[in-house]
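One structure below.
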Amino acid sequence: CAAAARRRLGAIDVLVNNAGFGHYKPLAQWSAREIADCNALNLTAPMLLAHALVPEMVLRRRGMVVNVASDLARRYLANMAPYVATKFGLLGFSGSLLREVKDHGVKVTTVMPGVIDTAFGGAAEGSRDERGALRPALLATQIAELLELPDTVVVDELTLHPLQQGEY
């Protein structure tokens, strides 16, 4: 994956890990495969991609990793324990990696959105009221704006919620 991107694009300056898999159901109803898949996509894949790309960023003394977690990286939610655990893990990984690479000119930001108007959880994309669910384009714009910051500034964490989102 990383090698193919390098061949096609050249040096990689920005890595955005924006994927999420999870179910809203009690832990006992998750299969072992679902737990493994959730961990693989939400936590292991971002770690492996960073492992493949960050050393080159360090050598060039520039680059940015954006890990899109969830507001659930900072709070608990019943019936989503494996998903929440992976997002807590991604937040910990991101914060630790930032402290490892920032003196080499590489930034790491964890973006923690609240509810997003996508098909996650079985909802129809575009079906939620914007007061209770962020539009994907808004989230993308906020991530792109992180890239416009001066080299001397890093946003460790960015949390965004729709104004009318429930408990957070």
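The values are calculated or read from the model by the stated rules, or taken from the named source; none is laboratory data. Computed from a predicted structure; not experimentally measured. Note that each Cβ is placed from the backbone with ideal geometry, even for glycine, and that neighbours are counted across all protein chains shown. Accessible surface is based on the protein model in full, side chains and every heavy atom, while ligands, DNA and RNA are left aside. Shrake-Rupley method; radii C 1.70, N 1.55, O 1.52, S 1.80 Å.
Express in Å², to the nearest 10, the accessible area of THR44 obtained by rolling a 1.4 Å probe over the protein heavy atoms while all chains stay in place.
The accessible area comes out at roughly 50 Å².
With a Förster radius of 30 Å, plug the Cβ-Cβ distance of ALA11 and GLU34 into 1/(1 + (r/R0)^6) and report the FRET value to the nearest 0.05.
On the way: r = 37 Å, r/R0 = 1.22.
For R0 = 30 Å, the calculated efficiency reads 0.25.
Give the carbon-plus-sulfur fraction of the accessible surface of region 1-114 in %, rounded to a whole number; probe 1.4 Å, heavy atoms of protein chains only. All intermediate terms of the calculation are to be shown ahead of the outcome.
Details: 3450 of 5740 Å².
Percent of accessible area from carbon and sulfur atoms in region 1-114: 60.
Would you pull out the residues with amide H under 5 Å of LEU158's amide H, same chain only if 5 or more places away, H placed 1.01 Å from N?
Amide H neighbours of LEU158, under 5 Å, 5+ apart: THR110, VAL111, MET112.
Can you give me the long-range amide H partners of VAL16? Hydrogens built in the peptide plane at 1.01 Å from N, cutoff under 5 Å, separation of 5 or more residues or another chain.
For VAL16, the qualifying residues are VAL66.
Given R₀ = 22 Å, what would the calculated FRET efficiency be for ALA3 paired with LEU147, taking r from the Cβ atoms and rounding to 0.05? Before the final figure, lay out the partial values.
Working: r = 23 Å, r/R0 = 1.06.
That gives a FRET efficiency of 0.40.
With every protein chain kept in place and ligands, DNA and RNA left out, what is the accessible area per residue of the chain? Probe 1.4 Å, answer in Å². Mind dumping the intermediate values first?
Working: 9380 Å² over 168 residues.
That works out to 56 Å² for each residue.
Along region 80-87, what does the Karplus equation 6.51 cos²θ - 1.76 cosθ + 1.60 (θ = phi - 60°) give for ³J(HN,Hα), rounded to whole Hz, x for Gly and Pro?
Residue by residue, region 80-87 yields 9, 3, x, 4, 4, 4, 5, 6 Hz.
Sorted by accessible area (1.4 Å probe), largest first, how do ILE116, ILE12 line up? Don't skip to the answer; put the middle values down first.
Details: ILE116 40, ILE12 20 Å².
Ranking ILE116, ILE12 by accessible area, largest first, yields ILE116, ILE12.
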